[in-house]
Amino acid sequence: MAEVERARDEIVDVAARLVRIPTVNPPGEAYEACAEAIAAQLRAHGAEVQVLPATGRPEHTAAHPRVNVIGRHAGAASAPAVHLNGHFDVVPAGLGWTRDPFGGEVAGGRLYGRGSCDMKAGLAAAVFAVEALRRAGVAHRAPIEVSGTVDEESGGFAGVGWLAAHGFIAPDRTSAVIIPEPFGVDRVCVGHRGVYWFEVVAHGRIAHGSMPYLGVSAIEGMSHFLDLVRDELGPLLATRVTAMPVVPEGSRHATINVNGIEGGQAPDATPSPCVADHCRAVFDRRFLLEEGLDRTRAEIAALVAKAEARMPGVRFTIEDRLAFDANRTPDAAPVVGALTAAIQQVVGRPAALVASPGTYDHKHVARIAGVPQCVAYGPGDLAMAHQPDEYCSVEDIVTSTKVLALAVMTLTE
Ligand SMILES: [Zn+2]
């Protein structure tokens, strides 16, 4: 704890320096520079460092290389490692800032900037949790790894997904993964709801717009499906409640959102009299652990069939865009126990177990790597993520560094 206190300014400085590297995603700017900065820090802390470009991924291009980094401290025994992982990509700054989004300014006990909260402060906390143990001369039996990865904000396939697919996170190599996403100093996130993104296309038949009865309007067809989503599926989903501690509480229900819709002629185009022969819409369905992906998918297919029956002549197709099952690390997992005990010791109150309404890199750890112990714990207020004037409290950064250090010590001793 004393070593973390002594490193306070260093931790904030490293977090600030990371914020100043504008790793904006999309498109994935400055990843190489940020990976190198993290690599240099990890090397300075005596880690064995690998810089790992996500070769083979289509989004890993010459213009926007996807580069990850892992630092490893070997343990006294050849046991699986405890792995701390943070993504270093950030969403675009957007409008409404009163500070430089990439200035890394520290003022009034806060570190400001895009990515300060989500999640460069967390990454710095992870780096210094491990470093504090080293400075304190704490021996560890199991190896400790810290990774910085790309593309979490766009799915994480070239980041944690790539590390998992290439065996860098694996059951024989990794005992537990802690992701310092900004859930706050006293909350441990044990998992997330599932996500099913799909596109529905209504296919009609073109005809002259002055004789619309000679065609079949795909837009009218889609309106039948939208009616069913609003009047039948929506109310049904609102009755389904998960036993997972999802926050905010509104997301304890299953939900669906229409992300976008497009059909017929583009409104900006010069109009010509045509019946819309196509209409497509993209939906974001968040489902509960208790629902599962298969049932969710089948329910949508049945609803589409119902819309089709309501309007003969319109044909519907469904295409999956993205699908990940819900995940939950058991409350009894050692990684949960180590963190909750550390929170009690450092923060002085019991930890709350929470779950996330949306997915994050946990999904790759569970699905590709097959490592069942994964949680998120890190500094910052989740509500600050992706906001203008995003900040992370300096006190939170220091506190969570202590918690992480204690938890890693427990898990590797
Ligand atoms: Zn994040």
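The values are calculated or read from the model by the stated rules, or taken from the named source; none is laboratory data. Only a predicted model underlies this, so the values are computations on that prediction, with no experimental measurement involved. Neighbour counts run over all protein chains shown; Cβ positions are idealised from the backbone, glycine included. The accessibility values were calculated without ligands, DNA or RNA, using every heavy atom of the protein model including side chains. Shrake-Rupley method; radii C 1.70, N 1.55, O 1.52, S 1.80 Å.
What is the Cα radius of gyration of the range 261-306 over 2.2 N^0.38 Å, N being its residue count?
Normalised by 2.2 N^0.38 Å, the Cα Rg of the range 261-306 equals 1.72.
How many angstrom separate the Cα center of the range 120-135 from the Cα center of the range 260-307?
So the separation of the two Cα centres works out to 45 Å.
Run the dipole for the range 311-380 about the Cα centre, Lys and Arg Cβ at +1, Asp and Glu Cβ at -1, nothing else charged, and hand back the magnitude in debye, nearest 20. The partial results should precede the final answer.
Numbers: 6 positive and 5 negative charges, 13 e Å.
Result for the range 311-380 is approximately 60 debye, rounded to the nearest 20.
Once phi is turned into θ = phi - 60°, what whole-Hz ³J(HN,Hα) does the Karplus curve with 6.51, -1.76 and 1.60 give for every residue of the range 311-326, x standing for Gly and Pro?
My calculation for the range 311-326 gives 9, x, x, 9, 10, 10, 10, 10, 10, 6, 9, 6, 8, 9, 6, 5 Hz in order.
Which residue, Pro92, Thr55, Gly137, has the largest displacement toward the positive end of the dipole of the range 33-153 when charges sit on each Cβ (Lys, Arg +1; Asp, Glu -1)?
Toward the positive end, the furthest listed residue is Gly137.
As a test of the formula, what do you get for the chain when each DSSP H run with n ≥ 4 contributes -39,500 (n - 2.57) and the sum is divided by the residue count, at 222 nm and rounded to the nearest 500 deg cm²/dmol?
Details: 10 runs with 120 residues, N = 413.
Value at 222 nm, helices only: -9000 deg cm²/dmol.
Counting Lys and Arg as +1 and Asp and Glu as -1, each charge on the Cβ, what is the dipole of the range 1-156 about the Cα centre in debye, to the nearest 20?
Details: 15 positive and 19 negative charges, 66 e Å.
Dipole magnitude for the range 1-156 comes out near 320 debye.
How much length is gained on full extension from Ala170 to Glu413, taking 0.36 nm per residue of separation minus their Cα-Cα distance? Walk me through the numbers before you get to the answer.
Values: separation 243, 0.36 × 243 = 87.48 nm, distance 2.04 nm.
Contour length minus the Cα-Cα distance gives 85.4 nm.
Could you tell me whether the range 177-259 comes out rounded, prolate or oblate from its Cα gyration tensor? Rule is a ≥ b ≥ c as square roots of the eigenvalues, rounded for a/c under 1.5, then prolate if a/b exceeds b/c, otherwise oblate. Before the final figure, lay out the partial values.
Values: a/c = 4.85, a/b = 2.82, b/c = 1.72.
Prolate shape, in that a/c is at least 1.5 and a/b is the bigger ratio.
Measuring from centroid to centroid over Cα atoms, what is the spacing of the range 336-413 and the range 63-108 in Å?
The distance from the Cα centre of the range 336-413 to that of the range 63-108 comes to 14 Å.
Using a 1.4 angstrom probe and counting only protein chains, how large is the accessible area of Lys402 in Å², to 10?
40
What are the lysines whose alpha-carbon lies under 27 Å from the alpha-carbon of Lys402, with same-chain residues fewer than 8 places away excluded?
Result set, ordered by chain and number: Lys120, Lys363.
Jot down the radius of gyration and Dmax of the range 81-213, Cα atoms only, both in angstrom.
21.9, 83
Go through the range 238-250 residue by residue and turn each phi into a ³J(HN,Hα) via Karplus (6.51, -1.76, 1.60, θ = phi - 60°); whole Hz please, and just put x for glycine and proline.
Computed from phi, the couplings for the range 238-250 are 5, 8, 8, 10, 8, 7, 6, x, 5, 10, x, 4, x Hz.
Write out the GluC sites (Glu not before Pro) in the range 132-241 meeting two conditions: DSSP loop, and at most 15 other Cβ atoms within 10 Å of their Cβ. Numbers along the way, then the final one.
On the way: sites: Glu145, Glu152, Glu153, Glu199, Glu220, Glu232; in loops: none.
Taking the range 132-241 and a limit of 15 other Cβ atoms within 10 Å, no loop GluC sites (Glu not before Pro) are found.
Rounding to the nearest 20 debye, state how big the charge dipole of the range 124-256 is about its Cα centre with +1 on each Lys and Arg Cβ and -1 on each Asp and Glu Cβ. Display every interim value, and only then the final one.
Details: 10 positive and 14 negative charges, 82 e Å.
Rounded to the nearest 20 debye, it is 400 debye.
How about Lys306: which aspartates and glutamates have a C-alpha closer than 18 Å to its C-alpha, ignoring those fewer than 8 places off in the same chain?
Those aspartates and glutamates meeting the cut-off are Glu199, Glu220, Asp227, Asp231, Glu232, Glu319.
How big is the chain by Rg and Dmax over its Cα atoms, in Å?
23.8, 83
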